Amino acid sequence: MKKVTKFQNEKVLVLGLAKSGVSAAKLLHDLGALVTVNDGKPFNENPQAQELLEAGITVITGSHPIELVDEGFSLMVKNPGIPYTHPMVARALELHISVITEVELAYLISEALIIGITGTNGKTTTTTMIATILNENRTKGQARLSGNIGYPASSVAQEATNDDELVMELSSFQLKGTRSFHPHIAVITNLYEAHIDYHQTRADYVASKWKIQANMTADDYLVLNWQQEEVRELAKTTQAQVVAFSTTEKVDGAYLLDGNLYYKDELIMPADQLGVPGSHNIENALAAIAVAKLMHVENSAIQSALSQFHGVKHRTQFIKEIAGVRYYNDSKATNILATQKALAGFDLSKVVLLAGGLDRGNSFDALIPSLKGLKAIILFGETKDKLADAAKQAGITSITMTENVETAVPIAAKLAQAGDIVLLSPANASWDQYPNFEVRGDKFIAAIEKL
């Protein structure tokens with residue numbers, strides 16, 4: 001990693017731990033900063049805080065004392081999930097203390113070229129596709145997954161060399177806290193409305209996503225979803241070279257034409273050879289192909305990697321086939337749009353859908369057109385009654401209510417016949433019954449194993 005000196009003897013407050021907070025605190029400490037960590041979890045229940053204290057870092061846990069911010073800090077590194085309305089963050093901004101997220105630190109120390117991926121949906125799949133392609137038949141260096149995908153960027157950046165690339169998934173929460181962050185290649189998979197509870201307005205959400213290209217120059221590349229008018233308008237404001245992708249028209253970049261995937265008139269592969277189903281995964285693959293071609297990867301390596309790519313865990317992930325029935329885990333579908341995209345990848349007359357979860361007060365009217373033609377639907381969680389109403393309006397005749405994901409699986413197994421699909425794509429967050437979508441997906445997989 002690059003040895004930067006700008007943090008020496010600088011007073012830095014790290015707000016919130018989890019993986020990224022621990023990584024940021026350790027890195028800043030190693031770079032000579034005077035680090036104080038503040039986390040709400042009590043010290044005796046906080047092994048991460050205990051670890052940092054043993055490393056010689058000042059730790060304050062159990063509460064967020066607002067007066068702490070007044071102790072002469074010049075920088076706050078906050079956990080991305082902590083909103084800017086939090087009293088500690090608001091006070092820091094009031095005092096004109098710079099507030100960043102740890103991906104900014106990763107950029108400052110990285111020797112490796114950075115490829116950044118953001119968007120409302122498809123980030124994780126696209127990020128993983130890109131890394132998989134770049135590592136195909138590779139003999140020197142590696143594409144390293146980092147960021148919102150579960151590997152703190154500032155940790156991975158410390159290990160990466162200039163033979164590597166950091167393939168970095170970036171959330172709007174992370175990007176909002178960047179200042180000098182500068183990827184060589186950036187991807188925006190799509191832009192829809194999301195996380196308004198955090199950003200307060202859609203404009204702030206979009207502006208946070210658009211920050212991915214804020215420091216890019218004419219020597220850099222910005223890969224954009226050309227199917228969205230909003231994105232085409234934004235493209236007029238970037239300094240980077242724009243590379244488009246589209247499933248609906250031929251563009252100056254990657255596109256779908258007559259069932260084949262192309263890059264600038266060059267045939268890459270047939271779309272039906274992709275290892276994951278769905279029109280949304282064709283979009284993800286086109287974005288990944290654009291990046292791969294910009295990185296001068298051979299077509300044969302792209303085709304090999306994408307044909308063997310069978311999805312990311314909890315994202316339309318193929319689990320197994322039992323008695324001719326194929327089971328897919330799309331627990332990451334925590335909103336209507338994600339479930340719509342998952343359903344679009346299958347023949348609905350053969351799909352038994354498992355859905356339901358946390359009630360956020362929204363209706364499911366927008367989902368009704370995507371449900372029409374479903375073989376059956378099994379519902380659970382706080383929203384099961386709302387979803388049942390939507391299913392009735394969609395004309396579904398087989399509607400079953402059950403307790404949770406685990407009880408839904410054996411019901412689905414009885415309803416499905418050889419050639420059918422059982423798809424967990426909840427269209428809801430998991431927090432009414434499960435700590436997160438990963439646990440929900442794991443419970444689904446465990447229930448399948450019991451069959």
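The values are calculated or read from the model by the stated rules, or taken from the named source; none is laboratory data. For clarity, every value in this text was computed on a predicted model and none was experimentally measured. Cβ coordinates were reconstructed from backbone atoms using ideal geometry, including for glycine residues, and neighbour counts include every protein chain displayed. For accessibility, only protein heavy atoms count, side chains too; no ligands or nucleic acids. Shrake-Rupley method; radii C 1.70, N 1.55, O 1.52, S 1.80 Å.
Using C-alpha pairs under 8 Å with a sequence gap of at least 6, the mean separation divided by the residue count of the chain gives a relative contact order of 11 percent. Between the alpha-carbon centres of region 422-451 and region 1-29 there is a gap of 35 Å.
Using Cα-Cα distances under 8 Å and only pairs 6 or more residues apart, what relative contact order does region 134-228 have, in percent?
Contact order relative to length: 26 percent.
Can you bin region 360-445 into rounded, prolate or oblate? Criterion: square roots of the alpha carbon gyration tensor eigenvalues sorted a ≥ b ≥ c, rounded for a/c under 1.5, prolate for a/b above b/c, oblate for the rest. In terms of gyration-tensor shape, oblate.
Here r is the Cβ-Cβ distance between Ile60 and His96 and R0 is 25 Å; the resulting FRET efficiency, rounded to 0.05, is 0.70. Against the main long axis of the alpha-carbon atoms of the chain, helix 437-450 sits at an angle near 40°.
Kindly express, to the nearest 10 degrees and within the range 0 to 90, the angle between helix 405-415's C-alpha long axis and the longest C-alpha principal axis of the chain. Taking Cα atoms only, the helix is inclined about 20 degrees.
What number comes out for accessible area per residue over region 14-151 if the probe is 1.4 Å? Units Å², please.
39 Å²
Of the solvent-accessible surface of region 141-230, computed with a 1.4 Å probe over protein heavy atoms with every protein chain present, carbon and sulfur atoms account for 45 percent. Each Cα pair under 8 Å and six or more residues apart adds its separation to the average, and for region 366-410 the resulting relative contact order is 47 percent.
Please say if region 140-287 is rounded, prolate or oblate, where rounded means a/c under 1.5 for a ≥ b ≥ c the square roots of the C-alpha gyration tensor eigenvalues, and otherwise the choice is prolate for a/b larger than b/c and oblate otherwise? It is oblate, given that a/c is not under 1.5 and a/b is not larger than b/c.
Rolling a 1.4 Å probe over the protein chains gives Phe43 an accessible area of about 80 Å².
Place the peptides 228-238, 386-396, 328-338, 176-186 in order of packing, highest mean first, counting for every residue the other Cβ atoms within 10 Å and averaging per peptide.
Sorting 228-238, 386-396, 328-338, 176-186 by mean packing, highest first, produces 328-338, 176-186, 386-396, 228-238.
One chain, two ends: Gln200 and Ser300. Fully extended at 0.36 nm per residue, the span grows by 31.5 nm beyond their Cα-Cα distance.
Judged by the mean number of other Cβ atoms found within 10 Å, the most tightly packed of the peptides 119-131, 59-71, 249-261, 12-24 leads the ranking 119-131, 12-24, 249-261, 59-71. By definition, a body whose alpha carbon gyration tensor gives a ≥ b ≥ c is prolate when a/c is 1.5 or more and a/b is larger than b/c, and region 182-239 fits this prolate description. Note the angle between two axes, namely the Cα long axis of helix 384-393 and the longest principal axis of the Cα atoms of the chain, as a number of degrees from 0 to 90, rounded to the nearest 10. Approximately 40 degrees, to the nearest ten.
What separates the Cα centres of region 172-217 and region 265-299 is a distance of 24 Å. First compute the accessible area of region 297-400 with a 1.4 Å probe, then give the percent of it belonging to carbon and sulfur atoms. It is 47 percent, rounded to a whole number.
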